[in-house]
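Worksheet: one structure, shown below.
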Amino acid sequence: MGEQRGRTDLDGVGRGPPEATARHRPVDRLVASMAMVWREPPSKRVPSMVRELLSASYEGFVEPDELQRIVMVAHEMLENLAKYASDGQVTFGVELHEAHGEGGGELVARLRSSNVATAEHVREAEGILARLGSAAHPVTAYDELIAESTQRTGSRLGLARIRVEGEMALEGIVEGARITLVAERRIARRRHP
């Protein structure tokens with residue numbers, strides 16, 4: 001099975017050619033990064049630990065509201081890894097880059113997770129990504145997913161939260177049973193008094 005993509009986008013995110021994906025959008029100098037690799041799915045305690053680590057590590061780089069958005073998205077991605085990774089190598093990373101051509105004014109936050117999932121979980125993720133990507137207003141799709149969540153075990157709202165509450169462009173790349181999620185957003189660099 002070849003590479004498939006489900007991508008949602010925000011107006012103004014990337015500010016580059018529309019065909020540029022999160023993996024190919026130009027960025028300048030790396031400002032900060034964090035990467036983690038597990039040989040098996042992480043424990044359910046990891047999202048909370050990484051939340052604290054990100055908050056402490058990135059507070060000097062970005063405005064507080066932007067940091068909270070990044071931390072929430074990281075938490076959702078890590079919860080997905082803890083819940084839905086079936087086996088094999090699991091990766092997660094956060095990068096802050098200077099936005100291409102901005103000369104230090106804006107940053108690009110890029111979060112990436114990758115894991116092997118069951119065929120059912122891959123289909124669910126693809127369906128949610130497609131739904132968010134085709135919606136005229138992602139908030140409407142999110143509201144529908146919230147209403148549907150009362151009819152199943154587990155909310156399955158993590159991807160929608162990343163897209164809507166995190167206000168991030170979201171791309172899903174499926175290669176066989178491996179699913180890679182890339183969330184990206186331009187953010188303001190922290191202004192120091």
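Amide H of residue 118: which non-local residues (sequence gap of 5 or more, or other chain) have their own amide H closer than 5 Å, using H built in the peptide plane?
Amide H neighbours of residue 118, under 5 Å, 5+ apart: 86.
Figure the gain on full extension for residue 29 and residue 178 (residue separation times 0.36 nm, minus the Cα-Cα span) and round it to one decimal in nm.
Numbers: separation 149, 0.36 × 149 = 53.64 nm, distance 2.90 nm.
Contour length minus the Cα-Cα distance gives 50.7 nm.
Given the peptides 81-90, 34-43, arrange them by the average over their residues of other C-beta atoms within 10 Å, most packed first. Spell out each step's value before the answer.
Details: 81-90: 17.6, 34-43: 13.6.
Per-residue mean Cβ counts within 10 Å order the peptides as 81-90, 34-43.
Could you give the nm distance between label points at residue 136 and residue 91, where each point is 7 Å from its Cα heading toward the beta carbon?
Going by the 7 Å Cα→Cβ label model, 4.0 nm.
Label point 7 Å out from residue 124 along Cα-to-Cβ: which residues of the stretch 33-48 have amide N under 17 Å?
From the stretch 33-48, the list is 41-42, 44.
Relative to the present Cα-Cα distance, how much length would full extension add between residue 146 and residue 106 at 0.36 nm per residue of separation?
Working: separation 40, 0.36 × 40 = 14.40 nm, distance 3.27 nm.
Result: 11.1 nm gained on full extension.
For residue 44, what charge total do you get from the other residues with a beta carbon under 12 Å from its beta carbon, if Lys and Arg give +1 and Asp and Glu give -1? Display every interim value, and only then the final one.
Values: positive: 45, 83; negative: 79.
Here the charged neighbours net out to +1.
Read-outs: derived from the displayed coordinates by stated rules, not from any lab. Quick caveat, the model's predicted, so the values are computed rather than measured. Reconstructed Cβ throughout: ideal geometry from the backbone, glycine too, with neighbour counts over all protein chains shown.
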